[in-house]
Every structure is written in structure tokens, then in C-alpha cells.
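Engineer: Structure in C-alpha cells, see below.
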Amino acid sequence: MSVVVATDGTEAATAAVTWAAAEARRRRAGLRIVYAYDSDWLETRFDIGAEYLDVAESLAKAVVADARDRARAVVPDLYIETDTLPGHAIPRLLEVAEGADLLVLGSRGRGGFAGLLLGSVSQRLATHAPCPVAVVRDAMNSDGPVVAGVDDSPSAEQVLPTAFAAADERGTTLIVLRSYLPAVPRWLAGVPIPADLTDPADDPIERAHLEEQLAPWRERYPRVRVETVLTHDGAAAALVDAAKHAALTIVGSHGHGTLAAALLGSTVLQLLHHADCPVMVVR
């Protein structure tokens, strides 16, 4: 098993390295620290020679060496590899994600790792990496619960085992959130809504369906305390709110309904921009 974390020496990247080291320890995995720097861009824009590129490589090595020291301070006996990767950051990070169990990214970057959360870059990494991707913010609440967003799509079968394992490793509560549309749309303002449908928490059909999804994982992880939340609120808003006090929020890369196929875009991007905790997108 291996956890890959990208760094560029920024504060956000340092937070990602710190979190990745702790996550590697929890998973009993090795840690690979990489820095992708865009040597082609430097050479083309400034017409510089090999001597400057050697300096850029030396600086990149210094960045990963500092990241290694920080990771070692978190987990002294952790197995750590470091790599400097000349070239465009996105394709290089996608390459190193091959065979990894998790790719960890900071919430902001510079140089070849710049603009991580500026729409297309974040979307491409979160949706096209061949492994789960975690985006880490500067501030983290390591004592909070794990939050999992699920719907009735096949992606739930990837989210739930990851979420139960994460909660079990942390010894914390798992909050499973399911967002769905009410049986009577809210725009039918003049139509009386049955009393038992006004509160999503009291919906027996949806609750039974959610409990059916959870049953095999409750049995496999009996130590994990599970809380369930049924809501008619939009998936992104509900998950961002739940993430305020969470240690980690986990969602799938595909879905439908209100935890929608938009996870390829708006929902996951809103989480990555606004969640107050690390966000993990699983395949």
C-alpha cells in the first residue's frame, strides 16, 4: 500500500504532507512525496539554459527534503520515498497516482502545482486520477467524525467501505448523509404535503433503504458508531455544513439524484472549495 502526496513547499502543501503522513500510518502504508515543477514552461518563457534548470531541480529537491522531514516529525518510523518530477503538474500527478492507494493534494499551490482548486484542475484530478483523491485544507479537526455522502447509485458501494474503514481507524463516529428529493416537490406550494413526508428523517422508505445499504458494513465494523442523516437539502450544501466539525468527508466520483452525477463537477467542486475538513473523492 502507498499514499502519494504532492508538495510545492507552500503552507497548504505542508498541511497536506502532515495529513498524508498520519493517514499513511493509519493505513500501515508507505508515503511517497512528489514535487512536479514545470521545467518546459520555465525554459520556453525565459529562454533559460540547463544551468538554471539544474538550480530549479536543486530547489525542488530541497522542497521534498523539507517535506520528508516534516512527515518524519509526524511519524518517525514511516517509510518515505521522495521524487522530483519535471513537467506539467497534472499529467505527472496522474502518472504517479497509478498504483497508489491514495493521492493527497493541498488546497492551494504555486508553480507547477498552482490553481488546484480553480475549477478544471481540481475537477480533472478528482475525477480522472486512477485512485482516491484527498484534498486537504490548512485547518483540520482531527478529533471530529467522518462524514460520508451516499445515494442509491453504485458509487455508494465504494464510499461506504472507505468511510467505515476511516472511522474505524480513527476510532470516531461515522455520519452517513443521504440527500434526496421529497416525494412532493417543493414548488407545488398549493398542494398539501402529508405530515409524514414533511420531515425527511421520518421517511420510512428512504430510512429502510439506507439501513439496508449500511447493514453489511455495520456487521463488518461493529466498533464504529453510525449516525444517519436524511435531508431534502442539496447535497453540496448539506455536506459542506456537516463538514464544519468533521475530520474527513468522503464522497463518490459518480452518482445521481441530489448527490448527483454533478459530483463530476459542481458538488465535488463546492466541497473542495468550501468544506472545512479534508475531502476524499473515491472511485
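The values are calculated or read from the model by the stated rules, or taken from the named source; none is laboratory data. What you are looking at is a predicted structure, and each value in this text was computed from that prediction instead of being measured. For neighbour counting, all protein chains shown are included, and Cβ atoms are generated from backbone atoms with ideal geometry for every residue, glycine included.
Engineer: Quick test of your reading of the structure: S58 fulfils all but one of (1) surrounded by 14 or more Cβ atoms within 10 Å (Cβ to Cβ); (2) among the polar types (S, T, N, Q); (3) part of a helix (DSSP H, G or I). Name the failing condition by number.
Structural biologist: It is condition (1) that S58 fails.
Engineer: Taking segment 48-77 as the region of interest, how many residues are at pLDDT 90 or above and either more than 15 Å from I33 (Cβ to Cβ) or not assigned by TED's automatic domain parsing to the domain that holds A36 (or both)?
Structural biologist: Matching residues across segment 48-77 total 2.
Engineer: Name every residue in segment 6-35 that is of a type in the set (V, I, T) and either outside the structural domain of R70 (by TED's automatic domain parsing) or in a helix (DSSP H, G or I) (or both), in order of residue number.
Structural biologist: Matches in segment 6-35: T14, V17, T18.
Engineer: To continue, here is another question. Looking only at segment 152-162, which residues are buried (at least 22 other Cβ atoms within 10 Å of the Cβ) and either part of a strand (DSSP E or B) or touching a helix residue (DSSP H, G or I) at 6+ places or on another chain (Cβ under 8 Å) (or both)?
Structural biologist: The answer is S155, A156, L160.
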